[in-house]
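Take a look at the structure below.
The values are calculated or read from the model by the stated rules, or taken from the named source; none is laboratory data. These numbers come from a predicted model, not from an experiment. Note that each Cβ is placed from the backbone with ideal geometry, even for glycine, and that neighbours are counted across all protein chains shown.
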């Protein structure tokens, strides 16, 4: 498997609770949609939620960069395309593009850096050996 | 169509953002899951989100009763079964049962009363004529 | 101290993230405001958050009833008045009224039943002995 | 008034709804705390919520960068220090540092770029003339 195979697409329909009185999706709501995509992506990498809740070894967001390009609205059907873009020694980066279903124009672009953290101590761990084949720096 | 045909089932996988530091799903998160089910149920009744955002005639929650019976946890696959239980002149009731997928034991039971409200004035409207066949009081 | 002294008032200013595209506060957002009031009220009863996170004995909501009477809007200054209304053997009830600051007309009325639960086992405990003086049934 | 005077500090106490089952504050919850600070900061710049909801001219987040350095926990008393760091022709930047009350070590650092957008058309506007004195590029 190659780095570019570590990808996942999720779908969302914009609900009332996603919007604000500006008439569009609230900026924070997109991050919930991105977390759902990221969680499924982590599952592809062997870190499913059930395993995590037992081992308490969690991928923790250490940095988010998000660009709000165009607004989504109530009832929009959205796709969130996520992929792993870089794996280093103690953190890895994921990238997300949010589009209206069937369109290619990005509404939202987002990059997140994650570390594997052993809870509840909060100690960051080295990324797993089996990820070594992906390590690019 | 009969009242008992007005039903919808949605599925959710419990994400980190749904949980709290008690280790279980936070009581407020279930109401977001219920809203998603209710919105799909409203779609079955002819009130889809796109139409609503144009007409600005919205089904508004006027009362919620919710019983928290058993907790859901990170990674649980949940089903939310919703149905319309009563249609009166100016409000209607929906009922929701949340279970773990493949189980029947309810984790959450919820009833919500809704009114149709014309926004932004906030004026409640009579329920539509085509719902008359369902009116039971 | 008497039961009617177990009360607390919190204040909120309605933010964008509290509202939805209907132009008013979203029904779920009020429950976050009520939780803040309830948490302060619990502090009055000797259950502050720091103690709870150590003992992992948490007051858990087992039922919510909430009536949405009038909508709040962006920028509104709100007061949430909470009090304990009943203490039984294994659960107690709190009541909340949400008003615009300086007004008495309730926008929201809410009752919640709580139990003390030992986490992570999820076992409900008898209410503390020192609450006996309040026990009314 | 100088650019460095455009600042505001808000306080938060970490509630259950802010945390997740990792035992710490969820990454998305900090953005709600930052929005509250940013909204008060906007008030300092003449953009209070009541005026905004009338004119429907809103400061809209166009980019967020946030670094999660150290976790906050249930019951922590937090301070969010916000200030305007740059005002350009069509967007301005705010910076936020989140600390435990009485400490200086940052838990969270965040920068946000905002544009003034006329809703519901979504058209970005030039920043107001009275901000000219602050314009640095």
In segment B:18-37, the residues that are within 15 Å of residue D:74 (Cα to Cα) and outside any loop (DSSP other than H, G, I, E, B): B:19
Any hit, segment A:78-88, residues being in contact (Cβ under 8 Å) with a residue 12 or more places away in the chain, part of a strand (DSSP E or B), more than 15 Å from the chain's Cα centre (by Cα) and surrounded by fewer than 17 Cβ atoms within 10 Å (Cβ to Cβ): no
Residues located in segment C:7-24, provided they are touching a helix residue (DSSP H, G or I) at 6+ places or on another chain (Cβ under 6 Å) and more than 14 Å from chain A (Cβ to nearest Cβ): C:8, C:10, C:12
Flag for residue B:75 being surrounded by fewer than 18 Cβ atoms within 10 Å (Cβ to Cβ), outside any strand (DSSP E or B) and on the phi > 0 side of the Ramachandran plot: no
Any chance residue B:111 is at pLDDT 95 or above, farther than 22 Å from residue B:20 by Cα and not in a strand (DSSP E or B): no
Matching residues in segment D:97-112 - criterion: being within 15 Å of residue D:70 (Cα to Cα) and buried (at least 16 other Cβ atoms within 10 Å of the Cβ): D:97, D:98, D:99, D:100, D:106, D:107, D:108, D:110
Residue that is farthest from the chain's Cα centre (by Cα) [pool: residues in segment D:41-72 that are surrounded by fewer than 19 Cβ atoms within 10 Å (Cβ to Cβ) and at the interface with chain C (Cβ under 10 Å from one of its Cβ atoms)]: D:54
Members of segment A:25-40 found to be over 13 Å from the mean Cα position of the chain (by Cα) and away from chain B (no Cβ under 11 Å), listed by number: A:25, A:26, A:27
